[in-house]
Every structure is written in C-alpha cells, then in structure tokens.
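The block underneath contains the structure these notes are about, expressed in structure tokens.
The values are calculated or read from the model by the stated rules, or taken from the named source; none is laboratory data. Because the structure is predicted, anything quoted here is derived from the model rather than measured. Neighbour counts are summed over all protein chains in view; Cβ atoms, including those assigned to glycine, are modelled from backbone coordinates with ideal geometry. Surface accessibility is based on the protein's heavy atoms, side chains included, excluding ligands, DNA and RNA. Shrake-Rupley method; radii C 1.70, N 1.55, O 1.52, S 1.80 Å.
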Amino acid sequence: MSERTLPGSQSRMQELLVAATIAIGAFAVGNVVLLLLVGLFELGGIQMYGRQDRLVIVGTLALQGIGFGGVALAYLYESDRGRDLLRVAVPSGRTLLAIAGGYVLLVGAYLAINVLFTVLDVPMASSDIVQTGFQNPDLLLVLIPLSILLVGPGEELLYRGVIQGRLREAVSPRYAVVMTSALFAPIHVFGLSGPTLGIVAMLATVFFLSLFLGALYEYTGNLVVPALVHGLYNATQFVFAYLQATGTLA
C-alpha cells in the first residue's frame, strides 16, 4: 500500500512525522556543513572564529542554501515528487501584483505586531544577525541581496514547497499551513537574544508571519510569490538596520 492510500489517521501521522524529520534533517545538515566550511577556512588560513560577520555569511550559505534549499532539492530529486508537491510558475502581471501586495501586508503585519507588543509592554528579542550588522554595517549590505536570492527561496522551497506540500496531501490546506508554521518558527530561536518573554514573543511573531506566507502560497498557487515576499521582507529589515547602524536613520 503506498503512502498516498494509507487510512486517514495513519496517513496524517506519517506525513507529520516525515515533515518534522525533513525540517530537523535540513537544519542539521546546514549546521554540519557550516562546521565543515569553518574548519576548511581555518585550515586555509582564513580566520573564522571570532569573526561574527564571516560566520553569518557562511552560515547563511550553509543553512539556507545547502541545508534548506539543497536538502529540499535532493528530496524532490530522490523521491521524484517535484511535480506533485511544487506549484511554480513564471511570474505574470497578476503574480507581480500578488508579490507587491503580499510584501506590503507582511511588513504591515510585522509593524502592527510590534505596536501591539509595545502597547502591552511586551519586550521583543533581538536578532543576533542584526546585532552583528550594527557592529559591521557592510555585513548588512551583503545580507540584503542574499535575503532575496537565497534566504527567501531556500526557506520557502523547503517549508512551503516540500513540507507544506506533503502535509497538504494528508490534511486540509488550512491545517497544512498551521502545521508548517509550527515547524518553521522554532528554528529561529537559535538566532535570538533577550529575555525569555521577548524570545517567546518573537517566535509567536514568526509563527504568525509564517501563517501569512503559507496562506499566500495556497492563494496564489505559485511558490515564487512567498519566496520573493519573504526575501524582500528580510531585505527590508536589513536595509533599515543598515540605515540605523550608519546613522542615516535616526
């Protein structure tokens, strides 16, 4: 009996376990690759330890590029499930409008959440990457294009394309979006600093924004949309961080 014809409850449990395994495996692969690359650079005479700016760039390439994007592509190739799971199309005029609208709504949602937490006097954890960027603003200039070209596509390919795609086969799209977001938010805990309440608040924010990206994918039926919206959203954060770090934005 194939995995697509399993009884309902067994199929749902299997899909959830597989989705969690893929997410954890991709994160583990990315970190192993990071350690290997750092070791190779050190052996080659390029200092990495103590150079947070270099570690951030190499970490982005290793985690989002090889870990997330690479594992997702490897899974799709080995399982021959690309046509079943991925919904990708060349952007049309309507798609571009969806990207623009999705970007505005995502940024607006983030700002609204920040205002809400400020009113409630709930602290927000800070991003370790942004804090490193404040010390070395040139790093932020590198992260802006990486967000659009690598981070957004890599994370969306794995989480929305592969994981949400698999879960959608076992549960409704609505639950697939929620379950995918529940797997996506926790990986961000390793890059946050601050009080426990602030970290929880930030993870809740990531979860909510992930719900939006998942819903956007289901609505448009095109993975290009959440990939670009996600990348542009991250890039915008780095742009504002750069302006603050250089004193351009008071």
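Span-like helices, the chain: DSSP H, alpha-carbon axial extent 27 Å or more, mean Kyte-Doolittle -1.0 or greater, which ones? Result, helices passing both filters: 8-43, 93-119, 196-220, 224-245. Taking 10 °C and 1.306 mPa s as conditions, region 33-87 diffuses translationally at an estimated 126 µm²/s according to Stokes-Einstein applied to its Kirkwood radius (Cα pairs). Over all Cα pairs of the chain, how is the pair count split among 5 Å bins, expressed in % and running from 0 up to the last occupied bin? Bins of 5 Å from zero give 1, 6, 12, 16, 19, 17, 13, 9, 5, 2, 1, 0, 0 percent of pairs. Averaged over its residues, the chain has an accessible area of 51 Å² per residue, based on protein heavy atoms and a 1.4 Å probe. Using a Gaussian network model of the chain in which every pair of alpha carbons under 10 angstrom is joined by a spring, one finds that among ALA201, ALA170, ALA112 the greatest mean-square fluctuation is at ALA112. Estimated from the Cβ-Cβ distance and a Förster radius of 25 angstrom, the FRET efficiency linking GLU42 and GLN131 is about 0.60.
Placing R0 at 35 angstrom, the Cβ-Cβ distance between SER11 and VAL189 gives a FRET efficiency of 0.70 after rounding to 0.05. Across region 123-250, the fraction of Cα-Cα pairs farther apart than 27 Å, rounded to a whole number, is 22%.
Nonpolar atom fraction for region 45-170, defined as the carbon and sulfur part of the 1.4 Å probe accessible area, stands at 65 percent.
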